[in-house]
Amino acid sequence: MNKKEVYTIEEVKRKLERYCVYQDRCHKEVEDKLREYKLIPQAKEAILLHLFEHNFINEERFSKSFARGKYRIKKWGRLRIVRELKYRQISEYNIKTALKEIDEEVYTSNLYSLTEKKNELIKTTNIYERKKKLYAYLTYRGYEPNLIYEAIESYIN
């Protein structure tokens, strides 16, 4: 935090507007940021209300962009995305909406490319150890067990 310790409600409002405009934020992230300013509860509520009313915070928009970014860029699976959204206290409805953003072809190609890359990196020649390591890695990335088995079987026979 800056050297300046006391902020007016308007200053905090502007700072949080910039925080939300820079990147989609969920309610929990904004509340965590708001906690840094040590405001009284009424001021926090007024600022949150302002951010919601002016669409700076939009849980549905956040969950959709979060899901899109994580599966396209970080190549996360559905289970990991759901876990992370739940951690951020996103509603079940918004989680389901976010999962609709996932393109099935890209999702499957991500899984297979991760499987191929990881398979090349694993040093062991023991097939069972190799499968175990691949499975553990892909589970951590959040892919569904049935899809993981299919992908592993296609690379290791």
Check: If you scan region 9-45, which residues turn out to be farther than 23 Å from residue 98 by Cα and either surrounded by fewer than 15 Cβ atoms within 10 Å (Cβ to Cβ) or in contact with a Ser or Thr (Cβ under 9 Å, 6 or more places away or on another chain) (or both)?
Finding: 10, 11, 14, 18, 35, 36, 38, 40, 41, 42, 45
Next item on the list: Quick one: count up the residues across region 98-135 that are polar (S, T, N, Q), surrounded by fewer than 17 Cβ atoms within 10 Å (Cβ to Cβ) and at pLDDT 90 or above.
Entry: 4
Item checked: From 133, 70, 64, 86, residue being in contact with a helix residue (DSSP H, G or I) (Cβ under 9 Å, 6 or more places away or on another chain), farther than 30 Å from residue 30 by Cα, assigned to a helix (DSSP H, G or I) and not assigned by TED's automatic domain parsing to the domain that holds residue 14 -> 133
Next item on the list: Identify all residues within region 16-61 that are of a type in the set (Val, Ile, Thr) and assigned to a loop (DSSP other than H, G, I, E, B); write none if there are none.
Entry: 40, 57
Notebook entry, point to check: Which residue pairs have Cβ atoms under 6 Å apart, sit 6 or more places apart or on different chains, and have a first residue in region 76-91 that is farther than 22 Å from residue 58 by Cβ and free of Cβ contacts under 8 Å to residues at least 24 places away in the same chain and a second that is small (Gly, Ala, Ser) and surrounded by 23 or more Cβ atoms within 10 Å (Cβ to Cβ)?
Noted result: none
Item checked: Single unsatisfied condition, residue 102 versus (1) under 22 Å from residue 142 (Cα atoms); (2) in a helix (DSSP H, G or I) -> (2)
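Residue 75: of a type in the set (Lys, Arg), crowded, with 18+ Cβ neighbours inside 10 Å and in contact with an Asp or Glu (Cβ under 6 Å, 6 or more places away or on another chain), yes or no?
No: the conditions fail for residue 75.
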Margin query: Whether any residue in region 90-102 is of a type in the set (Val, Ile, Thr) and over 26 Å from residue 20 (Cα atoms) is what I want to check.
Written below: no
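The values are calculated or read from the model by the stated rules, or taken from the named source; none is laboratory data. Being a predicted model, the structure only gives us computed values, none of them experimental. When we count neighbours, we look across all protein chains shown, and the Cβ atoms used for this are built from the backbone with ideal geometry, even at glycine.
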